[in-house]
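One structure is given below, encoded as structure tokens.
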Amino acid sequence: MTHDLPGHPPASAEPRTSPRASVLRRVDSGVLAVNRALMILALGAMAVIVFANVALRYLTDESIVWSEEVARYLMIWLVFLGIGPVFRVGGHIAIDTLPEALPAGAARALRLFVAALIIGFCLAAIWYGRALVLRTIPQTTPVTDVSFGLVSAAVPTGFALAIWHILAVVQGFVATGTFESSADINPGEAGSV
Amino acid sequence: MTTAILFGSLVLFMALGVPVAFAIGMATLSAIVAHGLPPIALAQKALTGVDSFSLLAMPFFLLAAELMTGGALAQVLLRFAAMFVGHKRGGLGYTNVLALTFFSGISGSALADAAGPGAILIRMMRQSGYPVGYAAALTATTAVVGPVIPPSIIMIIYALQDPNVSVLGLFWAGVVPGLLISGSLLVYNFWASRRRNFRSEGARPGGREMLVTSLKAIPALILPVIIVGGIHSGAFTPTEASVIAVFYALVVGKFVYGTLTFRMLPAILARSAFLTAAILLIVTLSSAFAWVLTVVQVPQTLSLWIGSLGLDPLTFLLAVNVLLLLFGIFIEPLPGVVVLVPILAPMAATLGIDPLHFAIVVIINLTLGMITPPVGSLLFVTALVAKIRMSELNRELYPMLALQILVLALITLIPGISTALPALLGSR
């Protein structure tokens, strides 16, 4: 079990008292909770659907024709829904040799630049993802016969949510290069196989 | 020119500290714009890059390993391993290597090995008076067999990058090299235990106790047979085998060992979902990267060029090894495989190198990058679970790493170590 590992200090700013900030914080924790729950549901559903199909095929000779397709689309949604929550805990592996070697001020400037680059990439991905959705709405999926736009929507949705989550931790990231602590994963172990 | 932009910007972004996934995406977008390709292709390739049934095996094997750890299968395997070697001098060291090797037959990742049974063993070795640095270094180095012995997440991803190999062929090809790595570490532990006078753990258990421990271990030991045997016989695909592993781990953990509760499931699922998303974002964005490579014909050009040099295959393999070891200091196996294999595998094939042999060399080499100081995810995780400083770990690590580079050289020089078993069993 790695759940009892020492976490990293939370990087979010110290509690503020202004009512607007507290409302924003509550909305933010709601967004994160829903986002995380959707990821859990997607993975759980993927496993159940694929397993049910295998079990059924062996036990009854029947099979669920849509299982493979739905499982693949759930995995696509899982990946894009995960961009933001994974970023929050520092789970996107990066080479931090340069920022660590720089003096504090220069490192802050570099991390600010990096954060701007990432948000810029997210915006581009939303833009081109939106174009992809518009193009794929008329197409339908082979088995389930729904609009492929429901699948391709994962790209702009995921990157839009990612911007929300990035903004939630960007202050701590730029200031000290730290992220939120989480019982789910430790930064440094994600992205590893 | 486009190639220069693609690789130049990738290196630049990564050096600045942009996360690898985003750096791959940004480099791809830059090259797409520079080459005048439609940028919508980035979104499209990023979507279709994970639209693969065989890739589903990746999250499932990850989830199965997490369930195994939560369900105490790791402890059962550990007790089983201890029964044979615990009473010998340096017994917990041998137990460490054996237990992680058994666990590798269930898990597909080095990290799962280090964070699961590895964490428990480090704690036991510390209590028994071993230097913690030694325990952690041995765990980190042995964890390298996780992705080499089947099942293996990196092999599932590798098979998507090189059409000349199958997941099953890779699985079989990894068995002997994986056992060779474990064997070399058993020998190292033998030598270190004599030299440093490590202790043993009491007497060999009695026959009755050994029988009970073995019976208890059967459900855990049988799973690798179900996975690899099931795929080999054609009974199910790797993806189906992986999902069977998930439910097998669930049932065994819940009803046989009784250590897994349903209340633990959301946390286990969340952890697997986070790891999956982090890994597959890199995979899917790099499929856009690989698409640009093909459009500008980089693999084709390089294959022609390498073919025209009249190079000896062995020279090429050695050059690749040096390149990847240097690369591995900074780069994880996953980006290494998804960015470099589409280029290197066709070159190797042009020179007549067996694709399975090449794959095993690349996978072991890049996995060693996870334990190459100063940074490496395996070092990070083992130092974290052992609660020691990285420098304390690294001191003990160097001789073990050197030994693994020797093993890698052996596997590079003798293709049969990788290719004999798949050839014998008739799988590519």
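Of all residues in the range B:1-27, those that are at the interface with another protein chain (Cβ under 10 Å from one of its Cβ atoms), assigned to a helix (DSSP H, G or I) and surrounded by 22 or more Cβ atoms within 10 Å (Cβ to Cβ) total 8. A count restricted to the range B:1-43 and to residues that are without any contact (Cβ under 8 Å) to a residue 60 or more places away in the chain and more than 26 Å from the chain's Cα centre (by Cα) stands at 17. Kindly check whether there is at least one residue in the range B:331-340 that is over 30 Å from B:ILE32 (Cα atoms) and either within 14 Å of another protein chain (Cβ to nearest Cβ) or not charged (D, E, K, R) (or both). For the range B:331-340, residues over 30 Å from B:ILE32 (Cα atoms) and either within 14 Å of another protein chain (Cβ to nearest Cβ) or not charged (D, E, K, R) (or both): absent. Say we look at the range A:74-91 and pick out the residues that are within 8 Å of another protein chain (Cβ to nearest Cβ) and without any contact (Cβ under 8 Å) to a residue 40 or more places away in the chain; which of these is nearest to the chain's Cα centre (by Cα)? The extreme case among them is A:LEU78. Residues that are surrounded by fewer than 24 Cβ atoms within 10 Å (Cβ to Cβ), out of contact with any Lys or Arg (no Cβ under 6 Å at 6 or more places or on another chain), facing chain A (nearest Cβ under 10 Å) and within 30 Å of B:LYS216 (Cβ to Cβ): does the range B:72-86 have at least one? Within the range B:72-86, one or more residues are surrounded by fewer than 24 Cβ atoms within 10 Å (Cβ to Cβ), out of contact with any Lys or Arg (no Cβ under 6 Å at 6 or more places or on another chain), facing chain A (nearest Cβ under 10 Å) and within 30 Å of B:LYS216 (Cβ to Cβ).
Please work out if A:ILE76 is among the β-branched types (Val, Ile, Thr) and assigned to a helix (DSSP H, G or I). It is true that A:ILE76 is among the β-branched types (Val, Ile, Thr) and assigned to a helix (DSSP H, G or I). Only a single item in (1) touching a Pro at 6+ places or on another chain (Cβ under 9 Å); (2) within 13 Å of chain B (Cβ to nearest Cβ) is not met by A:ALA21, and it is number (2).
On inspection, A:VAL86 fails the criterion of being in a loop (DSSP other than H, G, I, E, B) and closer than 23 Å to B:LEU55 by Cβ.
Could you please find all residues in the range B:31-44 being assigned to a helix (DSSP H, G or I) and either more than 10 Å from chain A (Cβ to nearest Cβ) or aromatic (Phe, Trp, Tyr) (or both)?
So in the range B:31-44, the residues assigned to a helix (DSSP H, G or I) come out as B:31-35, B:40-44.
Listed by number, the residues that qualify are B:ALA31, B:ALA34, B:HIS35.
Scoring B:ALA220 on the criteria (1) in a loop (DSSP other than H, G, I, E, B); (2) more than 14 Å from every other protein chain (Cβ to nearest Cβ); (3) not basic (Lys, Arg) leaves a single failure, condition (1). Looking only at the range B:105-118, decide whether some residue is touching a residue at least 12 places away in the same chain (Cβ under 8 Å), touching a helix residue (DSSP H, G or I) at 6+ places or on another chain (Cβ under 8 Å), part of a loop (DSSP other than H, G, I, E, B) and surrounded by fewer than 24 Cβ atoms within 10 Å (Cβ to Cβ). Scanning the range B:105-118, I find at least one residue that is touching a residue at least 12 places away in the same chain (Cβ under 8 Å), touching a helix residue (DSSP H, G or I) at 6+ places or on another chain (Cβ under 8 Å), part of a loop (DSSP other than H, G, I, E, B) and surrounded by fewer than 24 Cβ atoms within 10 Å (Cβ to Cβ), so the answer is yes.
Scanning the range B:243-259 for residues that are touching a residue at least 12 places away in the same chain (Cβ under 8 Å) and of a type outside the set (Lys, Arg) gives B:VAL243, B:ILE244, B:ALA245, B:VAL246, B:TYR248, B:ALA249, B:LEU250, B:VAL252, B:GLY253, B:VAL256, B:TYR257, B:THR259. The set of residues in the range B:227-259 that are within 12 Å of another protein chain (Cβ to nearest Cβ), assigned to a helix (DSSP H, G or I) and of a type in the set (A, V, I, L, M, F, W, C) comprises B:ALA241, B:VAL243, B:ILE244, B:ALA245, B:VAL246, B:PHE247, B:ALA249, B:LEU250, B:VAL251. Beta carbons closer than 8 Å, at least 6 apart along the sequence or on distinct chains, pair a first residue in the range B:153-178 that is part of a loop (DSSP other than H, G, I, E, B) with a second that is among the aromatic types (Phe, Trp, Tyr) and surrounded by 23 or more Cβ atoms within 10 Å (Cβ to Cβ) for B:VAL165/B:TYR158. Beta carbons closer than 6 Å, at least 6 apart along the sequence or on distinct chains, never pair a first residue in the range A:31-53 that is at pLDDT 95 or above with a second that is outside any helix (DSSP H, G or I) and buried (at least 20 other Cβ atoms within 10 Å of the Cβ). Every condition in (1) more than 22 Å from B:ALA43 (Cβ to Cβ); (2) more than 9 Å from every other protein chain (Cβ to nearest Cβ); (3) among the small types (Gly, Ala, Ser) holds for A:ALA162 except the one numbered (1). Inside the range A:50-73, can you point out the residues that are in a helix (DSSP H, G or I) and either at the interface with another protein chain (Cβ under 9 Å from one of its Cβ atoms) or among the charged types (D, E, K, R) (or both)? Across the range A:50-73, the qualifying residues are A:VAL50, A:PHE51, A:ASN53, A:VAL54, A:ALA55, A:ARG57, A:TYR58, A:GLU68, A:GLU69, A:ALA71, A:ARG72, A:TYR73.
Residues being assigned to a helix (DSSP H, G or I) and surrounded by fewer than 24 Cβ atoms within 10 Å (Cβ to Cβ): count how many of those fall in the range B:325-338. Let's see the steps before the verdict.
Here is the first cut: in the range B:325-338, the residues assigned to a helix (DSSP H, G or I) are B:325-330, B:333-338.
From what's left, surrounded by fewer than 24 Cβ atoms within 10 Å (Cβ to Cβ): B:325-330, B:336.
Result for the range B:325-338: 7.
Residue-by-condition table, conditions (1) modelled with pLDDT of 90 or more; (2) surrounded by 21 or more Cβ atoms within 10 Å (Cβ to Cβ); (3) on the phi > 0 side of the Ramachandran plot:
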{"position": "B:LEU351", "(1), (2), (3)": "yes, no, no"}
{"position": "B:MET370", "(1), (2), (3)": "yes, yes, no"}
{"position": "B:GLU392", "(1), (2), (3)": "no, no, no"}
{"position": "B:TYR398", "(1), (2), (3)": "yes, no, no"}
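Against the test of being at the interface with chain B (Cβ under 7 Å from one of its Cβ atoms) and not acidic (Asp, Glu), the options A:ALA109, A:ALA101, A:ALA124 yield a single qualifying residue, A:ALA124.
Go through the residues of the range B:360-381 one by one and say whether even a single one is in contact with a Pro (Cβ under 7 Å, 6 or more places away or on another chain), part of a loop (DSSP other than H, G, I, E, B) and free of Cβ contacts under 8 Å to residues at least 60 places away in the same chain. No, the range B:360-381 has no match at all. Scanning the range B:260-296 for residues that are outside any helix (DSSP H, G or I) and in contact (Cβ under 8 Å) with a residue 60 or more places away in the chain, we see that the one that is nearest to the other protein chains (Cβ to nearest Cβ) is B:LEU260. Given the structure, is B:PRO59 within 13 Å of another protein chain (Cβ to nearest Cβ), under 19 Å from the mean Cα position of the chain (by Cα) and either in a loop (DSSP other than H, G, I, E, B) or without any contact (Cβ under 8 Å) to a residue 40 or more places away in the chain (or both)? For B:PRO59, the condition - within 13 Å of another protein chain (Cβ to nearest Cβ), under 19 Å from the mean Cα position of the chain (by Cα) and either in a loop (DSSP other than H, G, I, E, B) or without any contact (Cβ under 8 Å) to a residue 40 or more places away in the chain (or both) - is not met.
The set of residues in the range B:24-45 that are touching a Ser or Thr at 6+ places or on another chain (Cβ under 8 Å) and among the small types (Gly, Ala, Ser) comprises B:ALA27, B:SER30, B:ALA31, B:ALA34, B:ALA43. Within the range A:92-108, the set of residues being under 25 Å from the mean Cα position of the chain (by Cα) and either closer than 21 Å to A:HIS165 by Cβ or assigned to a helix (DSSP H, G or I) (or both) comprises A:HIS92, A:ILE93, A:ALA94, A:ASP96, A:THR97, A:PRO99, A:ARG108.
The values are calculated or read from the model by the stated rules, or taken from the named source; none is laboratory data. Computed from a predicted model, the values in this text were never measured in an experiment. We place every Cβ from the backbone using ideal geometry, glycine too, and count neighbours over all the protein chains shown.
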